[in-house]
Amino acid sequence: MAKASEIKVGNILRFNGELVTVTEVLHRTPGKGGAFYLDKFRNIKTGKIVEARLGTDEQVEICRVETNNYQYLYEEGDNMVIMDEVSYDQHSIPKSLFGPAVKFLKENMSVVVSFEGEEPIMAQAPNFVELEITYSEPAVKGDTSSGALKTATTDNGLELKVPLFVNQGDKIKVDTRTGEYVERVK
């Protein structure tokens, strides 16, 4: 347990029985009454923002969270099996922790996962992945207007909009946060 005055941005707390990450800490000293903290927390599971008014000596539980690099091995139903790159321990974590970036994951890819005790609480795919184009429509000759895009299918079955000059067999870099084409890989 820690005092509210010891909370820092980025800490992970157990607040009202939920795991939250601290996004903002404001110290207020009104003319009347004692000082207090106005904190903003983001619920890890739901993503909702919660505001709380805490007294300076109010007790809060700061959770111990371990974040490490893991290797994504394979998909197993609604879970993904990952392996610790140091100890070779395997863990099964829910796909939902990765959010929309889960569709970009390929076997043997490095991912970042955070555990609180034995429970996985957060997972992050790499910001950029390289995918190979397995099918794309041929570009129409003369259609060279700036920003023209066509649909292409990648080696993991994903369909993306890519520029006209990208052909079948090319490798491309994709931003996993937005799902957009970034560049062609040489």
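Details
- Among the candidates Val112, Val81, residue that is within 15 Å of the chain's Cα centre (by Cα), surrounded by fewer than 18 Cβ atoms within 10 Å (Cβ to Cβ) and closer than 24 Å to Leu19 by Cβ: Val112
- Within region 88-101, residues that are on the phi < 0 side of the Ramachandran plot and among the charged types (D, E, K, R) have Cβ atoms under 9 Å from residues that are loosely packed, with under 14 Cβ neighbours inside 10 Å and assigned to a strand (DSSP E or B) in these pairs: Lys95/Glu75, counting only partners at least 6 apart in sequence or on another chain.
- Summed over region 40-62, residues that are among the basic types (Lys, Arg) and within 17 Å of the chain's Cα centre (by Cα) total 3.
- Of all the residues in region 1-24, those that are buried (at least 19 other Cβ atoms within 10 Å of the Cβ) and part of a helix (DSSP H, G or I) number 1.
- For region 38-46, the count of residues that are surrounded by fewer than 15 Cβ atoms within 10 Å (Cβ to Cβ), free of Cβ contacts under 8 Å to residues at least 60 places away in the same chain and over 19 Å from Gln124 (Cα atoms) is at least one.
- Sole exception among (1) modelled with pLDDT under 90; (2) over 28 Å from the mean Cα position of the chain (by Cα); (3) surrounded by 12 or more Cβ atoms within 10 Å (Cβ to Cβ) for His27, by number: (1)
Residues checked against (1) among the charged types (D, E, K, R); (2) in the same structural domain as Thr154 (by TED's automatic domain parsing); (3) over 25 Å from Val182 (Cα atoms); (4) part of a loop (DSSP other than H, G, I, E, B):
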position	(1), (2), (3), (4)
Val50	no, no, yes, no
Tyr74	no, no, yes, no
Ile82	no, no, yes, no
Tyr88	no, no, yes, yes
His91	no, no, yes, no
Gly99	no, no, no, no
Val111	no, no, no, no
Ile133	no, yes, no, no
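- Residue match in region 94-108 (condition: modelled with pLDDT of 90 or more, among the small types (Gly, Ala, Ser) and over 18 Å from Leu160 (Cα atoms)): no
- All conditions but one from (1) touching a Leu at 6+ places or on another chain (Cβ under 7 Å); (2) touching a residue at least 60 places away in the same chain (Cβ under 8 Å) apply to Met1; the one that does not is (1).
- Whichever residue in region 49-60 is among the charged types (D, E, K, R) and modelled with pLDDT of 90 or more and, among such residues, is farthest from Phe115 (Cα to Cα): Arg53
The values are calculated or read from the model by the stated rules, or taken from the named source; none is laboratory data. Owing to the predicted nature of the structure, the values given are computational and were not obtained by experimental measurement. When we count neighbours, we look across all protein chains shown, and the Cβ atoms used for this are built from the backbone with ideal geometry, even at glycine.
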